[in-house]
1. Quick one: B:ILE24 ticks every box in (1) without any contact (Cβ under 8 Å) to a residue 60 or more places away in the chain; (2) buried (at least 18 other Cβ atoms within 10 Å of the Cβ); (3) within 14 Å of another protein chain (Cβ to nearest Cβ) except a single one, so which number is it?
2. Given the criteria surrounded by fewer than 22 Cβ atoms within 10 Å (Cβ to Cβ) and closer than 29 Å to C:ALA528 by Cα, does C:GLY429 qualify?
3. Is it true that A:GLU91 is touching a helix residue (DSSP H, G or I) at 6+ places or on another chain (Cβ under 6 Å) and without any contact (Cβ under 8 Å) to a residue 40 or more places away in the chain?
4. I'm checking my understanding of the structure. Among residues of region A:84-119 that are within 23 Å of A:LEU40 (Cα to Cα) and of a type in the set (Gly, Ala, Ser), which one is surrounded by the most Cβ atoms within 10 Å (Cβ to Cβ)?
5. Determine which single condition C:SER460 fails, assuming it passes every other condition in (1) of a type in the set (Ser, Thr, Tyr); (2) crowded, with 21+ Cβ neighbours inside 10 Å; (3) over 27 Å from the mean Cα position of the chain (by Cα).
6. Taking the residues in region A:73-91 that are assigned to a helix (DSSP H, G or I) and more than 7 Å from chain C (Cβ to nearest Cβ) as candidates, determine which candidate is farthest from C:PRO384 (Cα to Cα).
7. Would you pick out the residues in region C:332-352 that are more than 8 Å from chain A (Cβ to nearest Cβ) and hydrophobic (A, V, I, L, M, F, W, C)?
8. Quick one: in region A:25-45, of everything that is more than 10 Å from chain C (Cβ to nearest Cβ) and among the hydrophobic types (A, V, I, L, M, F, W, C), which residue is surrounded by the fewest Cβ atoms within 10 Å (Cβ to Cβ)?
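The values are calculated or read from the model by the stated rules, or taken from the named source; none is laboratory data. Note that this is a predicted model, so its numbers are computed, not measured. Heads up, the Cβs are rebuilt from the backbone with ideal geometry, glycines too, and the neighbour counts pull from every protein chain shown.
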Amino acid sequence: MMEQLAKVWQDVLAGKGFEYGLPVDVSTHGFAIDNLISTLHYFMALLFVGWGIYLVYCLVRFRDREGHVADIAPQHFSLPKYLEIGVVIFEACLLVFFSYPVWAKLKTDFPDRASSLVVRITAEQFAWNIHYPGPDGKFGKTNIDLIDGTNPVGLDREDPNGKDDIVSINQFNVPVGKPVIVELGAKDVIHGFFLPNARVKHDAIPGMVFPLWFETKETGKFEIACAQLCGVGHYRMKGYFNVLTQEEYDNWLLEEEKALKEGA
Amino acid sequence: MAVHIPYIDKPNPVTGVTNAKLGIWLFLASEVMLFGALFSALITLRLGVSDWPHGYAVLNVPLATLNTVVLIFSSVTVVMAWAALKMHNLKQFRTYMSLTLLMSFIFLGIKAIEYSTKFHHGISPATSNFYAIYFVITGLHGLHIIGGIIVNAYLLGPGSKMWKSEPERFTGRIECAGLYWHFVDLVWIFLFPILYLL
Amino acid sequence: MSHHEMPFWKKYIFSTDHKVIGLQYGITATFFLLFGFFLMILMRWQLAYPGIEIPLIGKAISETGALTPELYNALGAMHGTIMIFLGVVPMGVGAFGNYLVPLQVGACDMAFPKLNMMSYWVYFVGGVIMMMSFLMPGGAAASGWTSYPPLSVISNNAQTVWLLAMVFLITSSLLGSVNTIVTAIQLRAKGLNFMRWPIHVWAQVTTAFLLLLAFPPLEGAAVLQLADRVFGSSFFLPSGLVVSGEKLAVAGGGNPLLWQHLFWFLAHPEVYVLILPAVGIVCEIVTTNCRKPLYGYKTMVYSILFLGFMSFVVWAHHMFMTGMGVTLSSFFQATTMIISIPSVIILTTILLTLWGASIRFSVPMLFAMAFLPMFAIGGLTGLPLGLTASDIHLHDTYYVIGHFHYVVAPGSLFALMGGVYYWYPKFSGRQMNQFLGKLHFWVSFVAINCVFMPMFLMGSKGVSRRMYDQTQYSHGAATQSWNVVMSTAAFVLLLAQIPFIWNMFTAWKTGKKVENDNPWEATTLEWAASSPPPHENFPNPVEVYRNPYTYSATTRKVLPQFIPQEG
């Protein structure tokens, strides 16, 4: 046990593992979220430091000491009232000009389906099942009775539309620069679909399918995290979110289709 | 206990109520929230599915109608019991409170018939959400009836000794028990049409 | 029989005296707070040293000596449940509310003493049931204190026991809140009109209304979840569930979000139940230790009432990520922003009271002063969570854990601990040791900030909550060392409570006796009673002559509420 502890402390004392702050964002909508977060934190820091200076000043100037008595006359301060009004106006602006528009865009301004990559992601304990429609762009029918170890989404391969569908476990590949529409579901319990590096988060709730969209602007290898307690494997429900160049993505599709044909 | 708490038989001059009266109204407010939450759950579940059965097709409406009459009648008798005490007639109080209890037992009996018929046909809360919410809401309501029976039986029996020593306080207790009983009746009056008639 | 002739069990165990009941709540709640803290200490070991054997007791817990993921999740759910429902609320409402409200309104006891006794014992039984769940097959409940279905319904553990225990705890709260409200309204001393209530009484009455009206929907929801688990209904189970490859044999047609709405309808007001008694306590401590009236008494009262009202219409800000559209989210964001206003006003009113004061740095005042910036951090970090756009990134991350712990731990708990130091002379006739108090304060203050501040840093990186081992994720591995800092600070924080517990229990017999009934020279009615008060509180009826927190304009001396104007 002691050697294990020593190893941990070695990293700590070397300054490793102390990262902080917002992670890399490869999405096109994320800048608005990041702007809101930073603006808000400047505002919070301003209020806190202001209050803090005032508090320390009072604790020093008005401390009980020889010859000092409290001023008990009724007081009326107008500055706090104006500050409060300022805070309210600022919050209202953040709400109306920063938050409402972002949410409205994500919830109602969906990209055109025809020019997007549409995928169905079904969460389960403890993996992400990603169902691609394949080159024909149509999803094959799924049937709950067909679900088993090799067919996590119950895809009906007999359905003509389903012959070219790709079902991947934990590998979510997207081509950069193309909008992606995700139809999010869950099989057993509530999970949370979280792409930290694309500022995407949505609960996956059994019995419901939720559409969400995003678009990337940089390539990279990132992760899917689970953002809702889903059982004992919640901590290891990691998926891989790979933003590929169009070429890499097309190659990957080709390989998958080849593997499908060979398997059949 | 040595402490003497004011306003248990006479009302507080500023608020105009005794402690128990204020207390029971507050308690009933929380009960409104409880049944309100369950009714909201019913509505949510019903709006979420397309194949929600009609109550009149699958539940025993005649029996439930009888139960509604029984309960309303018992609300009347519990008021009469309180009125009897106001007129210092203990014997009449006993008569009306006994009637109230009788009605309560009839209500529970009819409920028991309803439930056992369903179980006999293999219907339980697991059958569907309609039956699940039916059993839960009427079951919780039934538990409240049983609670009322226990309180009313106590007030009819050993509790009525208080009439000799503190008649005003005892009358206040009957009033509070009556308020609770009206509430249980009121829940049923909402429950009956929503579950059985729609 | 008179009070003095009663046997021990009737006088101290099944007492109907609100003071004894208040102390019973206080001692029981202290035990549960320490126990809940201990559960977190085990978890913090795992978080800092994943998979490494826990010293001393590890082998008793599991084969490897380290926490298993199952145990970690169970400890997490129970930590939250115990701290909130068995710890902070019973301490704030059951202990402080019970002990002080009758005294502060000049009453001889609560309006319904027998009901009061029942509230305590129902809480006690609920606590025992909750603790028994650790010994049940499958272990304790492990779906978070939030118990979201379907996970909570399909889990093979003591979730059912959790639900039963909650029914007991909710019942206890309901009975207690009726008592508080009726006592404060009906049993006021002569001259005590509502606008002369101490702020602590306003806070406790508002809290009682929150408990009264918000708890029943959770009780309803608990009954529904019990039905799902025990009777096989599908209130929260949709059709088509496939668990571990098998179709779940239930009727289906249920809605997991129904639970969330019913749960949060309580649980949001519940967090104001956690903070309001603390705000009340801080107001009492601050006014006494500033030697001047509270600034803006009326403003404070209206803010507390408005906060209580608003707390009922913000609940779905916990559910922004559940597929909420534009309309509903706009409503809840707006109400959430609005509710920050009374919170800021409350904080500002207390801060402004410091202006022109003569501040005494007693031990309770240290805690009250620390409460202010800590509550500020907690409240401010609620803003990015309350706006949906920023919540997209921060929801269900460590940022949330940092936010609410700042409000509850260095917020409420500090206020409650300050309250113990402040009213200790009243209920025991002795002072707690001041040196130990200062030691307790300073070490706790530094340690608690080291525990919770790094959470904002980890959360902004995207580290999710309720993670047995976050190093599985690259962003988790990159922030893992913060865990070592936080856990070390948590161990120090645990040690820092030792002087407090020691002090609390020994000062009862060996603490310095106070010279008079009002050692802090405070103004509110409880200080008119002797220290400690006799069974009937005020052998001679007490009358109120003025507002709380009043000082004489001529002599600058304190003018308690219960002393007739001199000359």
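1. If we test B:ILE24 against (1) without any contact (Cβ under 8 Å) to a residue 60 or more places away in the chain; (2) buried (at least 18 other Cβ atoms within 10 Å of the Cβ); (3) within 14 Å of another protein chain (Cβ to nearest Cβ), just (1) comes out false.
2. yes
3. Yes: the conditions hold for A:GLU91.
4. A:SER99
5. Unmet for C:SER460, out of (1) of a type in the set (Ser, Thr, Tyr); (2) crowded, with 21+ Cβ neighbours inside 10 Å; (3) over 27 Å from the mean Cα position of the chain (by Cα): (3).
6. By that ranking, first place goes to A:LEU79.
7. C:PHE332, C:ILE338, C:ILE339, C:ILE346, C:ILE350, listed by residue number.
8. Within region A:25-45, the match that is surrounded by the fewest Cβ atoms within 10 Å (Cβ to Cβ) is A:PHE31.
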